[in-house]
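Engineer: Pasting in a structure now, in structure tokens, and then I'll have a few things to ask.
The values are calculated or read from the model by the stated rules, or taken from the named source; none is laboratory data. Note that the structure is a prediction, hence the values are computed from the model and not measured. Positions of Cβ are generated from backbone atoms using ideal geometry, with glycine treated the same way; all protein chains shown enter the neighbour counts. Surface accessibility is based on the protein's heavy atoms, side chains included, excluding ligands, DNA and RNA. Shrake-Rupley method; radii C 1.70, N 1.55, O 1.52, S 1.80 Å.
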Amino acid sequence: MNTAPLLLCAAALFLGTACESPTPNPDGPPLPALPGGAEHTSPLQTNPNAHPAIGEIERLDPAINSLVAPNAWIEQLADGFDWAEGPVWVRTSQGAEFVLFSDIPPNKIYKWSEAAGLEEYLHPSGYTGNLKRAGEPGSNGLLMDRFGRLVLCQHGDRRIARLGISLNNPRPVYETIIDNYQGKKFNSPNDACYARNGDLYFTDPPYGLEKRMQDPKKELNFQGVYLFTQGGELKLLTDKIAFPNGIALSPDEKTLYVAESGPNTKIYAFNVQDDGTIDEGRVFFDPTPLKAAGKKGGCDGLKTDTQGNLFATGPGGVLVLSPEGKHLGTLSTGTRIANVGWGDDGRTLYLTADMYLCRIRTLTKGAGF
């Protein structure tokens, strides 16, 4: 692998400068007509012949039509991954735009843009040691901090880190943000989200440990949900969720959503207190009936839109849930979907779906855009 472009790109993310492919041309050729006189949902929706359509959209309630247009479709952008995760949209100060996402087992991050397609971006991404190891060593959830720096949940290194800068090291350099609770190493931080004030919420299940719950290197006897404040204080919010996974704040930051994976998969909602901590919480959505109906997958990554709706992975695909927890419909690729992330102008939802990277245009806009 040629490391010079990687290191320059790391510097670009850290400094907010551009070394990436140019922004897709919004003035390109007009899109072809859709059958039946339907209209495109956005100028960013591309020709389905260029990016194949995949899966289907299940509409359970008419309210979904105000969020996902009746003529919308899921596009398959790239494939061939072991287990794709953690998509995040990157926009540099010089106008470059692309999506980054983890491929956990091979310890890599990939980059995809409309202009350049798929490129390997970082390797290693989550485990930087020299020992050969099995399991899921790579990065999982990815996010950008308020300074435009890439932040990674690193399974193998059992920490949350940011991508640093080094022009003399042939490998990417990571700076530890937090890696332990009361002197004990985390299990394997999985997903995270920032509050507007810089507070960081994250989950810590055992999935990055080679033997998971039975791993002899496991130092904590619980799996936690944490708050790392912008002032540098780490707080354990709850240790009552067996396998905490995806995490997101409501747009008003009054509610924290946490997905539980594993055999008792569900989504919890917690009221956020003035100091950023949470109450005892409640079950927000229980997908047991979906599993009983044969839907595959569990609750994993999730994101909110500006109206407070959740786009949450679960049995059957991406579950579109109202702020009250009503299941409005499902975006299904026919595979298990690990995570989602908003991108482009905030109205494109990127999906990491097992071996695929996909996207769909929406009528709603992602929180934070």
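Engineer: Length gain on complete extension for the stretch residue 274 to residue 239, per 0.36 nm per residue less the alpha carbon to alpha carbon distance?
Structural biologist: So the chain would gain 10.6 nm between residue 274 and residue 239.
Engineer: Multiply the residue gap between residue 53 and residue 253 by 0.36 nm, knock off their C-alpha separation, and tell me the result in nm, one decimal place.
Structural biologist: 68.5 nm
Engineer: Which chymotrypsin sites (Phe, Trp or Tyr not before Pro) in region 92-150 sit in a loop by DSSP (not H, G, I, E or B) and have at most 14 other Cβ atoms within 10 Å of their own Cβ?
Structural biologist: 147
Engineer: Expressed as a rounded percentage, what relative contact order does region 272-368 have, with Cα pairs under 8 Å and six or more residues apart?
Structural biologist: On the way: 186 pairs, mean separation 19.8, N = 97.
Contact order relative to length: 20 percent.
Engineer: How many Å³ per residue does the convex hull of the Cα positions in region 187-231 occupy?
Structural biologist: Convex hull volume per residue, Cα atoms: 62 Å³.
Engineer: Just the accessible area per residue of the chain, please: how many Å² with a 1.4 Å probe?
Structural biologist: 42 Å²
Engineer: With a 10 Å radius around each residue's Cβ, average the other Cβ atoms per peptide and rank 322-328, 230-236, highest first. Working shown, then result.
Structural biologist: Numbers: 322-328: 15.4, 230-236: 12.0.
Packing order, densest peptide first, comes out as 322-328, 230-236.
Engineer: Now a separate question. Determine the distance separating the Cα centre of region 283-310 from the Cα centre of region 141-158; give it in Å without decimals.
Structural biologist: Rounded to whole Å, the Cα centres lie 24 Å apart.
Engineer: On average, how much area does the Cα convex hull of the chain cover when viewed from any direction, in nm²? Walk me through the intermediate numbers first.
Structural biologist: Values: hull surface 72.4 nm².
Orientation-averaged projected area of the Cα hull: 18.1 nm².
Engineer: Next question, about the same structure. List the trypsin sites (Lys or Arg not before Pro) within region 109-169 that DSSP assigns to loop and that have no more than 16 neighbouring Cβ atoms inside 10 Å.
Structural biologist: Hits after loop and neighbour filter: 132, 133, 146.
Engineer: Within region 273-369, how many lysine pairs that are 8 or more places apart, or on different chains, have C-alpha atoms less than 20 Å apart?
Structural biologist: Counting lysine pairs in region 273-369 gives 6.
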